[in-house]
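Chemist: This is the structure I have questions about; it appears just below.
No lab work stands behind these numbers, since they all come straight from the coordinates. Computed from a predicted model, the values in this text were never measured in an experiment. FYI the Cβ positions are ideal-geometry reconstructions off the backbone, even for glycines, and counts take in every protein chain you see.
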Amino acid sequence: MIYLLIVLALILVWVIYTYNRLVTFRYRTSEALSDIDVQLKRRYDLIPNLVETVKGYAAHEKNVFEDVTKARAAVAQGGNPLERDSAENMLSGALKTLFAVAENYPNLKANENFLKLQDELTDTEDKIQASRRFYNSTARDLNTMIQIFPMNVVANSFGVKPVKFFETSSEAEREPVAVKFQS
């Protein structure tokens, strides 16, 4: 009888330990998703300053500004970063086009304000990519734990579900940006 109680106690301790690990990884995944959101918000806030700086030099590139504004408005519609992924990808493409247009204006490329904004956006894009990689690695770890026996028994018992990975959602994002200058 004592051996049975010891075995049951060990099983209970293991279930508690496993459940706590699953909770920890769920929170890490949520934190990683939140980190992505913070960086996307930072980029969102920098864009109007960048557009205004470029407008002074490239006023006739109206379509580029409209595309950036539309993409930014699509991002503003809300949701978590996974739900806004296609809008964020559209915004990234519009920003790439904006930077490509800026290459055609030597005075703009030398403007200190533009250079600072460009550096900040580049830094933010790097942080977004790092946050997405971190999210994907924590999602991978959580999803692996959920699927490995005997942890999957505990995960299923407590309703722990797999999470989605961040993926490039369109072929357009994988392609180089095509820039057409208007005369």
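Chemist: So what J values fall out for region 148-156 if you push phi through Karplus, 6.51 cos²θ - 1.76 cosθ + 1.60 with θ = phi - 60°, rounded to Hz, Gly and Pro as x?
Modeler: Calculated HN-Hα couplings, in order: 7, 7, x, 4, 5, 5, 5, 4, 5 Hz.
Chemist: Normalised by the residues of region 2-174, what does the relative contact order come to in percent, with Cα pairs under 8 Å and at least six apart?
Modeler: Worked out over region 2-174, it gives 33 percent.
Chemist: Just flag the chymotrypsin sites (Phe, Trp or Tyr not before Pro) in region 119-170 sitting in loop per DSSP whose Cβ has no more than 14 other Cβ atoms within 10 Å.
Modeler: Sites meeting the loop and neighbour criteria: F158, F165.
Chemist: Distance check, please: which entries in K41/K96; K116/K164; K96/K161 exceed 28 angstrom between their Cα atoms?
Modeler: Result: K116/K164; K96/K161 exceed 28 Å.
Chemist: Full extension from N49 to D141: what is 0.36 nm times the residue separation minus their Cα-Cα distance, to one decimal in nm?
Modeler: Net length gain for the segment: 29.3 nm.
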